[in-house]
Amino acid sequence: MDGMDGMDDLDGGPEGGAPWKRMSKEELENQYSPSRWVVRLGAEEALRTYSQIGNEAGPEVPQVHLPYFIGEEATKRAQATGRNLLDVPYGDGEGEKLDIYFPEAVSEGLPFLVFFHGGYWQSGSKDSSAFMVGPLTAQGVAVVIVAYDVAPKGTLDQMVAQVTQSIVFVQKQYPGNQGIYLCGHSAGAHLAAMMLLANWTKHGVTPNLKGFFLVSGIYDLEPVMHTSENASLLTTLEDAQRNSPQWHLKTAPTQPVDPACRILVTVGQHDSPEFHRQSRELYQTLRRGGWKVSFEELHDVDHFEILWNLTQKDYVLTQQRKPSTK
């Protein structure tokens, strides 16, 4: 992306000594607590509105807060259209379900956007994550919202395996698709990024991956080991490295299966400096590895408000789909 060349010189990453290693425990905790960086709501209110989203948004809520209120109610509206398949099993586990939302003109040759929710791998649900369905199905895109077993029931290894299986399922069910685009927010962006490393051969199918939208994610998990978020997630450095796309891409660069596959790494202006660093370094690493990758900082949004951009008409897929048709 134009203007990003100078980012190669940023301090950070395994070679330069990551800046998080010089932080106190308190500062590290602060950096990896997104609710502490919201700019228009207090931390508690931001988390409440993000997770409960909907009927509690009364007339006293200013218009500027509306990005928070897009989850459960939007999902209910999407489910009420009837153009969907709900709780479709993609595996044998109880939590291995996905919802598929179709545009009015259903055909085998649709593009599919597959979304993985955030929640620090410990919360979140597909049942409050269909907020982008309306704008995308209106453009002829099918949307798949994936559930996975969050901690403590699920381990990170299990979550990565489940996300992999969900993509295999979509490709096998809709082999004539016009492209599968992966999108994840926060922890979901991490899970989507792990798919850059997937060994599809052992699954017997290579999905038609055309784009990745990585929104305010964490891609190097080692810093998380030193925060309270680690309680039910990571026990060893090996756990962190095994589940860190940034670590894998730096130590053993992975070449794109499809050189036309595009990646957009985004972060909110008001995300913490560590979230900015993580996104910038992933972008740099992917670019060096030959991936077709762009970086974008979204103006005047925080870690939660950034999701609002996924609901905007002509935003999500046009950044990736149009260039690939040239």
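The values are calculated or read from the model by the stated rules, or taken from the named source; none is laboratory data. Quick caveat, the model's predicted, so the values are computed rather than measured. Reconstructed Cβ throughout: ideal geometry from the backbone, glycine too, with neighbour counts over all protein chains shown. Accessible surface is based on the protein model in full, side chains and every heavy atom, while ligands, DNA and RNA are left aside. Shrake-Rupley method; radii C 1.70, N 1.55, O 1.52, S 1.80 Å.
Surface exposure of the range 218-257, expressed per residue as accessible area with a 1.4 Å probe, stands at 45 Å². Between the alpha-carbon centres of the range 122-144 and the range 158-230 there is a gap of 16 Å.
In the range 82-185, a dipole from Cβ-located charges (positive for Lys and Arg, negative for Asp and Glu) runs towards its positive end, and of GLY176, GLY95, MET159 it is GLY176 whose Cα lies farthest in that direction.
Summing Cβ point charges (Lys, Arg +1; Asp, Glu -1) relative to the Cα centre of the range 172-260 gives a dipole of roughly 380 debye. For ARG280, the solvent-accessible surface with a 1.4 Å probe is about 60 Å², rounded to the nearest 10. Label separation (THR206 vs SER228): 4.7 nm, computed from points 7 Å beyond Cα along the C-beta direction.
Working from label points 7 Å from Cα in the Cα-to-Cβ sense, the GLU73 to VAL257 distance is 3.9 nm. For GLU96, the solvent-accessible surface computed with a 1.4 Å probe is close to 40 Å², ligands and nucleic acids excluded. Remark: spin-label model distance SER33-ASP92 equals 4.2 nm, labels positioned 7 Å along the Cα→Cβ axis. Within the full protein context, the accessible area of CYS261 is estimated at about 10 Å² for a probe radius of 1.4 Å. If you plug the beta carbon distance of LEU237 and ARG83 into 1/(1 + (r/R0)^6) with R0 = 56 Å, you get a FRET efficiency near 0.75.
Relative to the Cα centre, the charge distribution of the range 198-315, modelled as +1 at Lys and Arg Cβ and -1 at Asp and Glu Cβ, gives a dipole magnitude of about 700 debye. For the residues LYS292, LYS210, a 1.4 Å probe over the protein chains yields an accessible-area ranking, largest first, of LYS292, LYS210. Using the Cβ-Cβ distance between ARG22 and LEU197 with R0 = 45 Å, the FRET efficiency computed as 1/(1 + (r/R0)^6) comes to roughly 0.95.
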